[in-house]
Structure formats: structure tokens, C-alpha cells
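Student: Can you keep this structure in mind? I'll have questions shortly.
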Amino acid sequence: MLKVGQSAQIARRYTQEDLRAFTSLSGGESESVPEPLLAALFSYLLGVELPGSGTNYLKQDLQFHAAARLNTVLTAQVTITKLRPEKHLVDLCASCTTPEGTVICEGRSLVKAKDVHGAFCELT
């Protein structure tokens, strides 16, 4: 059962090979990890970990504060901040940081999930 304060995270290191593969698909050039690859970490967490299978992504708002260097372990995390069971909605905060604590990006996600039970809850 989902609950406010519940979180999930993933650590990932992007390499030059990852960047080449992304560039071959997008046509863009970059010396740091492209923002869409960082956003993909949140997509993974929401669709596989929390809330998990059957989740529909409705909205994502990310602010990017720093460039993510290649070969740096990045940790992406999502945390449930609000549950709206009457509409099957889950609000989450999202962040991606380096081992030194540098915030690469942060923001919010809104998803529709199938297992939202209980009364209205909000993390303050």
C-alpha cells in the first residue's frame, strides 16, 4: 500500500558510450549527461518502483541546477508527498544528486496509480 513519505531511489553512472548512443538517436551534442537521460531515471522509478507497474505519468516539472558530469554516480529519488485516493493520484517530489550532495535537478511529479487507498494524506 502506498503511503506519504514512502520513497524509492536508483543510482546510475552514465558513460561516454551512453552519450554516444543518445547522440545517435537525438542528433544533439553534449559533454555532460543530457537532461532527458536524467528525467528517464524518474520515469524508471515511477513506472517500476514507486508507485510501480500500471502508473500513468500525468505531469513532471524539473528544474536543472547543475550539469551532470559523465562517469559520476547520480542518485535519483522520488518521495510521495500527497495521496488523493478519490482520483487515484499520487504527488511526488523528485531529486537527482551527486555523491558530494550537489543537486543536479529537483522537482515534482504527478501520476495516476491503481493502488491508492486511504484518506487524503499530505506530507508537510
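Student: Filter segment 60-91 down to residues that are charged (D, E, K, R) and open to solvent by less than 70 Å² (accessible area, probe 1.4 Å) and give me whichever is farthest from residue 17 (Cα to Cα).
Tutor: Within segment 60-91, the match that is farthest from residue 17 (Cα to Cα) is 84.
Student: Something else: Considering only residues that are open to solvent by 60 Å² or more (accessible area, probe 1.4 Å) and over 14 Å from residue 74 (Cα atoms), which ones fall in segment 1-26?
Tutor: 1, 3, 7, 16, 17, 20, 24, 25, 26 - these are the residues of segment 1-26 that are open to solvent by 60 Å² or more (accessible area, probe 1.4 Å) and over 14 Å from residue 74 (Cα atoms).
Student: Further, regarding this structure: Across segment 111-124, which residue is modelled with the lowest pLDDT among those that are part of a strand (DSSP E or B) and open to solvent by 60 Å² or more (accessible area, probe 1.4 Å)?
Tutor: By that ranking, first place goes to 122.
Student: Follow-up question, since we're still on this one. Checking residue 29 against (1) within 23 Å of residue 15 (Cβ to Cβ); (2) surrounded by 14 or more Cβ atoms within 10 Å (Cβ to Cβ), which single condition isn't satisfied?
Tutor: Answer for residue 29: the failing condition is (2).
The values are calculated or read from the model by the stated rules, or taken from the named source; none is laboratory data. Keep in mind it's a predicted model, so treat the numbers as computed, not measured. No Cβ is skipped: glycine too gets one built from the backbone with ideal geometry, and neighbour counts run over all protein chains shown. Only protein heavy atoms, including side chains, enter the accessible area calculation; ligands, DNA and RNA are left aside. Shrake-Rupley method; radii C 1.70, N 1.55, O 1.52, S 1.80 Å.
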